[in-house]
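Right, one structure below, let's go through it.
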Amino acid sequence: MDRVQIFDTTLRDGEQSPGATMNVEEKLAIARQLEHLGVDVIEAGFAASSEGDYESVRRVAELVSRPIVLSLARTREQDVDRAVRAVEKAKRPGIHIFIATSDIHLKHKLMMSRQEVIDAAVWAVSRAKKHLDYVEFSAEDASRSDRDYLAQVFSAVVEAGAVTCNVPDTTGYALPEEYAELFRFLRTTVRGGDRVIWSAHCHNDLGMAVANSLAAVQGGARQIECTVNGIGERAGNTSMEEVVMAIKTRRDRFGVDTGIVTEQIYPTSRLLAQITGIPIPINKPVVGDNAFAHEAGIHQDGVLKYRLNYEIMKPETVGLDSNRLVLGKHSGRHAFVARLKELGLDLTDLDMNRTFERFKALADSKKSVYDEDLIALIAQESVRGQGVRDRYELVYLNVTSSSMAVPHATVKIRIDGEEVLGHGTGDGMVDACYKAIGDLTGMHPELVRYAVKAITGGTDAQGEVTCLVSEDGHVVTGQGSHTDIIQASALAYVNALNKLEYRRQYRQRQQAEVGP
Ligand code: KIV
Ligand code: ZN
């Protein structure tokens, strides 16, 4: 069986989604999970774009051992050198060099001639090759480029040492048959084209990223670049879970395999949603809440008689156990840890005492703890496990409201270990609470978005609150879950303030290192 490499760019192209910015520790938690998921390549960032990105690439490179770790780079000297330095500690380092090849980009963005682009690409690939073997080259906007010229560019970079040739549909413009045909043409036309891995990188502007990636495989591509939950610029990138499950479910047509441990798909998807605060649409294939829910009587009856009547994939295959009721307040630590292991969750670096305490508190406030609750809990704790210590901690909250009185909140929080108590009034209970927290911490970022959703069903379900706050143009996401949604809202806000605080401290450290 032929193998298709899965190249995950959640930490680079995915992070380019509005509001998806992650800090280093969050990226490390994702990278660890991606390794667990079995991806072949992790694009950890764009090292030359910022200090934060450089640091993330460097730390991811040190953390994971099986996947190739890449940094993106333009064809400039400082980009290539910085990318090479950022991945130097990786067990399997790589670099991903790109330059646009379409006439539109050459004329209106790069202001370069076709020959100048070829020279820049060859120069950058050759420079990278002096330091490492694994060099991928991308022809940005390939799907709108003149195909004979494109073949010329790829021939030149293959000769310079590129081992993977990526053919991005940067603007999401391609149609499946046309994209497959482009791969067939390139594979047979490019000099040395039979020695390299051909790669598909699709954007979803017309909703065809997954279809195009699959067509590329039929045209001979053996790498798919994708993101968890399909996050990415504009309408997003190819969704990892959809493309992987299509290849697995329709093996009869594709005749290829990926190395993805599909049971890790659901935990990975939830972890990313928790960290970025970008919700998963309920009808999203594979990982949406309704992906395996049968509502119509006729369907329910059909599924009960024989599952395959309406199910083409088993929920267990993607890590969603149909037997979801797992633990309650009488469950001991042993059962708790055993269930986490069964779910395949990565427990490395978790403070198990604290995690178990949090589980007990949750089990006290809700009768049944479902797999989704556990996944949400571990997602929150795994970010802490990467060494982030929160400055603010919610200790106590009392909110009163009625149709006749102004909502009032009393809040106690711990700041650097010291407890402080404050009050606030507002338009509603959440507003009162946020005002009290704002006064206590002295932080008043703008609340850009606030959303609440139930993690599981039932009136005692945990509410999961996501809030997006902005300070000096920098947006962070806070998340909190609790059976009481006002508590969940307060936790989400405190979480967002901790992230802003973390960023402030990070910037201060950077400035101190650079010096006056
Ligand atoms: O969409 C695109 O063209 C890219 C390249 C940098 C590979 O993300
Ligand atoms: Zn892209």
Legend entry - the stretch 339-466 - Rg and Dmax from Cα coordinates, angstrom: 16.7, 51
Legend entry - Point-charge dipole on Cβ atoms (K/R +1, D/E -1) for the stretch 1-156, about Cα centre, debye to 20: 300
Inset, instruction - Assuming 0.692 mPa s and 37 °C, estimate D for the stretch 93-232 with Stokes-Einstein, Rh taken as the Kirkwood radius over Cα pairs, in µm²/s. - result: 222
Inset, instruction - Would you mind finding the longest exposed-site-free stretch of the chain, with exposed trypsin sites (Lys or Arg not before Pro) meaning DSSP loop and at most 12 other Cβ atoms within 10 Å? - result: 390-516
Legend entry - For the stretch 423-500: accessible area per residue (Å², 1.4 Å): 38
Inset, instruction - Work through the residues other than residue 68 whose Cβ is under 13 Å from its Cβ and net out their charges, Lys, Arg +1 and Asp, Glu -1. - result: -4
Inset, instruction - Give the share of C-alpha pairs in each 5 angstrom bin for the stretch 55-98, from 0 to the last occupied bin, in whole percents, shortest bins first. - result: 5, 31, 33, 20, 9, 2
Legend entry - Full-stretch length increase - residue 484, residue 504 - with 0.36 nm per residue and alpha-carbon distance subtracted: 4.2 nm
Legend entry - Using θ = phi - 60° and Karplus 6.51 cos²θ - 1.76 cosθ + 1.60, couplings along the stretch 406-415 (whole Hz; Gly, Pro as x): 6, x, 9, 10, 10, 10, 10, 10, 9, 10
Inset, instruction - Express the carbon and sulfur contribution to the solvent-accessible surface of the chain as a percent, rounded to the nearest whole number, probe 1.4 angstrom. - result: 50
Legend entry - Fraction of antiparallel bridges per DSSP, the chain only, in percent to nearest 5: 50
Legend entry - Point-charge dipole on Cβ atoms (K/R +1, D/E -1) for the stretch 303-452, about Cα centre, debye to 20: 580
Inset, instruction - Excluding residues on the same chain fewer than 8 positions from residue 129, give the aspartates and glutamates whose Cα lies under 16 Å from its Cα. - result: 77, 79, 81, 88, 119, 159
Inset, instruction - Only Lys, Arg, Asp and Glu count, each charged at its Cβ (+1, +1, -1, -1), so figure out the dipole size of the chain about its Cα centre, rounded to 20 debye. - result: 800
Legend entry - For residue 360, net neighbour charge (Lys/Arg +1, Asp/Glu -1) across residues whose Cβ lies under 12 Å away: +3
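For the chain, what does the helix formula give at 222 nm: sum of -39500 (n - 2.57) over DSSP H segments with n ≥ 4, over the residue count, nearest 500 deg cm²/dmol?
Numbers: 16 runs with 208 residues, N = 516.
For the chain, the value works out to -13000 deg cm²/dmol.
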Legend entry - Along principal axes, Cα extents of the stretch 236-387, largest first, whole Å: 48, 35, 26
Inset, instruction - Could you tell me the distance between the Cα centroids of the stretch 215-285 and the stretch 134-184, to the nearest Å? - result: 21
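In a shell of Cβ-Cβ distance under 15 Å around residue 113, excluding residue 113 itself, what net charge do Lys and Arg (+1) and Asp and Glu (-1) give?
-1
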Inset, instruction - Just tell me which lysines come within less than 27 Å, Cα to Cα, of residue 341; anything on the same chain fewer than 8 places away is out. - result: 27, 91, 248, 284, 314, 329, 360, 366, 367, 453
Inset, instruction - For the stretch 178-256, divide the Cα radius of gyration by the Kirkwood radius and give the resulting Rg/Rh value with two decimals. - result: 0.99
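Hey, how much of the P(r) for the stretch 1-147 falls beyond 22 Å, as a percent of Cα pairs?
On the way: 4334 of 10731 pairs.
The answer is 40 percent, as a whole percent.
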Inset, instruction - Starting from the Cα coordinates of the chain, work out the convex hull volume and express it per residue in Å³. - result: 170
Legend entry - Listed residue (454, 423, 405) projecting farthest to the positive dipole end of the chain, Cβ model: 454
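The values are calculated or read from the model by the stated rules, or taken from the named source; none is laboratory data. All figures in this text were calculated on a predicted structure; none of them were measured in a lab. Heads up, the Cβs are rebuilt from the backbone with ideal geometry, glycines too, and the neighbour counts pull from every protein chain shown. The accessibility values were calculated without ligands, DNA or RNA, using every heavy atom of the protein model including side chains. Shrake-Rupley method; radii C 1.70, N 1.55, O 1.52, S 1.80 Å.
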